[in-house]
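Beneath this line is the structure, given in structure tokens, with notes to follow.
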Amino acid sequence: AQKVTQAQTEISVVEKEDVTLDCVYETRDTTYYLFWYKQPPSGELVFLIRRNSFDEQNEISGRYSWNFQKSTSSFNFTITASQVVDSAVYFCALSEAYNNNDMRFGAGTRLTVKP
Amino acid sequence: DSGVTQTPKHLITATGQRVTLRCSPRSGDLSVYWYQQSLDQGLQFLIQYYNGEERAKGNILERFSAQQFPDLHSELNLSSLELGDSALYFCASSVTGRTDQPQHFGDGTRLSIL
């Protein structure tokens with residue numbers, strides 16, 4: 001079964017620092033999809049990005065960037081020039097093309113950005 | 001705002017009771033998912049429906065049941081509640097329920113069992 005590991009339980013940075021959230025996954029499928037979600041203190045889960053297993057191109061969206069490396073089974077998320085509003089729990093998730101069962105979430109990384 | 005509506009936002013009840021959580025998916029989404037988020041178990045997939053039919057089942061207890069109605073809203077029924085059922089319950093929706101589609105989550109229902 002698929003597995004997602006977010007080894008960093010909590011990270012604390014000072015505003016304007018760059019921070020990288022790690023995500024390592026395991027899957028036997030050759031076709032799979034990776035996601036990042038943000039859960040701010042208000043509690044809702046916000047979709048950030050999806051990447052499929054055939055597209056290793058890195059993506060940048062404003063201060064957010066994602067680095068997908070199949071060789072290391074990693075899909076890391078970097079926030080540049082962090083802001084207090086980035087404080088949240090971030091979840092990495094994996095779904096497999098041929099496993100209709102579920103989207104498997106990592107345990108999440110709690111990011112605190114201090115002013 | 002994801003467009004997924006969950007009611008109620010908070011629910012407080014006692015052990016042994018039964019509750020119903022409600023979810024309206026985003027307009028145009030045919031598939032609904034239910035998740036449980038607790039401190040010790042993290043985000044756990046419970047069950048998925050597509051256009052009224054059950055499509056996939058995860059770690060859902062026998063005391064829990066769900067259904068999706070013809071208007072596509074869904075309800076999660078939790079019965080014989082135990083203290084350990086206290087959690088945040090999320091509903092999510094996607095267009096067709098394919099695994100490549102992102103799921104869009106509601107704000108959740110926080111269930112507290114006293």
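The values are calculated or read from the model by the stated rules, or taken from the named source; none is laboratory data. Just so we're clear, the structure is a prediction, and the values are computed from it rather than from any experiment. Methodologically, a virtual Cβ is constructed for each residue, glycine included, from the backbone with ideal geometry; neighbour enumeration extends over all protein chains shown. Side chains are part of the model used for accessible areas, which takes the heavy atoms of the whole protein and leaves out ligands, DNA and RNA. Shrake-Rupley method; radii C 1.70, N 1.55, O 1.52, S 1.80 Å.
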I'm trying to understand the selection: among the residues of the stretch A:74-105, which are outside any strand (DSSP E or B), at pLDDT 95 or above and within 29 Å of B:V32 (Cα to Cα)?
A:D86, A:S87
Kindly evaluate A:F35 against the criterion of being in a loop (DSSP other than H, G, I, E, B) and of a type in the set (F, W, Y).
no
Please enumerate the residues belonging to the stretch A:16-46 that are open to solvent by 70 Å² or more (accessible area, probe 1.4 Å) and in contact with an Asp or Glu (Cβ under 9 Å, 6 or more places away or on another chain).
A:R28, A:S42
Answer residue from the stretch B:42-53, given it is over 12 Å from the mean Cα position of the chain (by Cα) and in contact (Cβ under 8 Å) with a residue 12 or more places away in the chain and is farthest from the other protein chains (Cβ to nearest Cβ) among those
B:G52
For the stretch A:47-65, what are the residues that are among the aromatic types (F, W, Y), within 14 Å of chain B (Cβ to nearest Cβ) and surrounded by 13 or more Cβ atoms within 10 Å (Cβ to Cβ)?
A:F47
Among residues belonging to the stretch A:82-97 that are open to solvent by 10 Å² or more (accessible area, probe 1.4 Å) and more than 8 Å from chain B (Cβ to nearest Cβ), point out the one that is nearest to B:L46 (Cα to Cα).
A:V89
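Rundown of residues vs (1) in a strand (DSSP E or B); (2) of a type in the set (A, V, I, L, M); (3) more than 22 Å from A:A1 (Cα to Cα), yes/no style:
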{"site": "B:Q17", "(1), (2), (3)": "no, no, yes"}
{"site": "B:L21", "(1), (2), (3)": "yes, yes, yes"}
{"site": "B:G28", "(1), (2), (3)": "no, no, yes"}
{"site": "B:D40", "(1), (2), (3)": "no, no, no"}
{"site": "B:F45", "(1), (2), (3)": "yes, no, no"}
{"site": "B:Q48", "(1), (2), (3)": "yes, no, no"}
{"site": "B:E54", "(1), (2), (3)": "yes, no, no"}
{"site": "B:N59", "(1), (2), (3)": "no, no, no"}
{"site": "B:Q67", "(1), (2), (3)": "yes, no, yes"}
When the residues of the stretch B:55-114 are narrowed to those that are more than 11 Å from chain A (Cβ to nearest Cβ) and of a type in the set (F, W, Y), which ends up most open to solvent (accessible area, probe 1.4 Å)?
B:F69
Of these, B:F105, B:F90, which one is touching a Gly at 6+ places or on another chain (Cβ under 6 Å) and either free of Cβ contacts under 8 Å to residues at least 12 places away in the same chain or under 17 Å from A:G106 (Cα atoms) (or both)?
B:F90
